[in-house]
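As structure tokens, the structure follows; a few thoughts come after it.
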Amino acid sequence: MKNIVLLGFMGTGKSAVGRRLAAEFHCPFIDTDQIIEERTHQRIADIFAQQGEEKFRCLESEAVAGLAERSGCVISTGGGIVLNPKNLDLLGKNGILVLLRSRPEVIFKRVQKRAGQRPLLQKADPLSEIKRLLAEREPFYQRADLTLDTSDMRLDDVVQQIKRKVLEIEGRKSSS
Ligand code: S3P
């Protein structure tokens, strides 16, 4: 099986969906933010604060490069992974790129829960920042193989829809 690569903005459900999908497919779950935290022994927020976003983006691309040869995994990515086209080239080589979308207001509500862990949203007006970043990232989202808006969906339904579509894509491939 190809990897299932979850892309999307913070708060669209990548980690929760990814864990559940991995359980459905009985395959490993990998989280790029977690790889970075394990390698650096630092929290993402501390890397941003102490070394800046540019350094974080390098660490992120290193994590992606290390995953290029893997297959049969569910990979949840940090929301900004789409910013570097090379990341998507590598992840797409052996993976189905699944984009999770949500409305800005829904994202805003969801990220409140772990606000301190989202350094990019430490702004006076986080909702405006979410809208600005979403607009900036929109062109990069076109690379996705399939897209799902999770705003009004239950976790279970998101997981089952992705599973169905992935099996469809995989089936198409093996019969062609
Ligand atoms: C980021 C998203 C975060 C994390 C970092 C930067 C982004 O991951 O990688 O704070 O640029 O959107 P999640 O999308 O898992 O919250």
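In the chain, the portion of solvent-accessible area held by carbon and sulfur atoms comes to 50 percent [1.4 Å probe, whole percent, DNA, RNA and ligands not counted]. Applied to the stretch 23-30, the Karplus parametrisation 6.51 cos²θ - 1.76 cosθ + 1.60 on θ = phi - 60° returns per-residue 3J(HN,Hα) values of 5, 4, 8, 6, 9, x, 10, 10 Hz, with x for Gly and Pro. Largest first, the three principal axis extents of the alpha carbons in the chain are 52, 34, 28 Å in whole numbers.
Residues M1, M10, M153, sorted by accessible area with the largest first, give M1, M153, M10 [1.4 Å probe; ligands and nucleic acids excluded]. Amide H contacts of S76 (H built 1.01 Å from N, in plane; Pro and chain starts excluded): L6, I30, D31, T32 sit under 5 Å, all sequence-distant by 5 or more or on other chains.
Using a 1.4 angstrom probe on the protein heavy atoms only, could you order F25, F140 from most to least accessible area?
Correct descending sequence by accessible area is F140, F25.
The stretch 42-91 and the stretch 123-152 have their alpha-carbon centroids 17 Å apart. Database remark: amide H of M10 closer than 5 angstrom to the amide H of G79 (H placed geometrically; neighbours at sequence offset of 5 or more, or on other chains; Pro and chain starts carry no H). Close lysine pairs were tallied over the stretch 3-163: pairs 8 or more places apart or on different chains with Cα atoms under 19 Å apart number 10. Annotation: amide H-H contacts under 5 Å for L99 (H modelled 1.01 Å from N, sequence separation of 5 or more, or interchain): L7, D145, L146, T147, L148. DSSP assigns beta bridges within the chain; of those with both partners inside it, close to 0 percent run antiparallel. Using only the alpha-carbon atoms, how far is helix 126-141 inclined from the longest principal axis of the chain? Give it as 0 to 90 degrees, nearest 10. Between the helix axis and the principal axis of the chain, the angle is about 40 degrees. In order along the stretch 76-82, phi translates into HN-Hα couplings of 9, 10, x, x, x, 4, 5 Hz, rounded to whole numbers, per the Karplus curve 6.51 cos²θ - 1.76 cosθ + 1.60 with θ = phi - 60° and x for Gly and Pro.
For the stretch 36-43, putting each phi into the Karplus relation 6.51 cos²θ - 1.76 cosθ + 1.60 with θ = phi - 60° gives couplings of 5, 5, 5, 5, 9, 6, 9, 6 Hz, in residue order, rounded to whole numbers and with x for Gly and Pro.
Solvent exposure of the stretch 3-163 amounts to 48 Å² per residue of accessible area, where only protein heavy atoms count and the probe is 1.4 Å.
The values are calculated or read from the model by the stated rules, or taken from the named source; none is laboratory data. Small disclaimer: the values here were computed from a predicted structure and weren't measured. Just the protein is used for accessible areas: all its heavy atoms, side chains included, with ligands, DNA and RNA removed. Shrake-Rupley method; radii C 1.70, N 1.55, O 1.52, S 1.80 Å.
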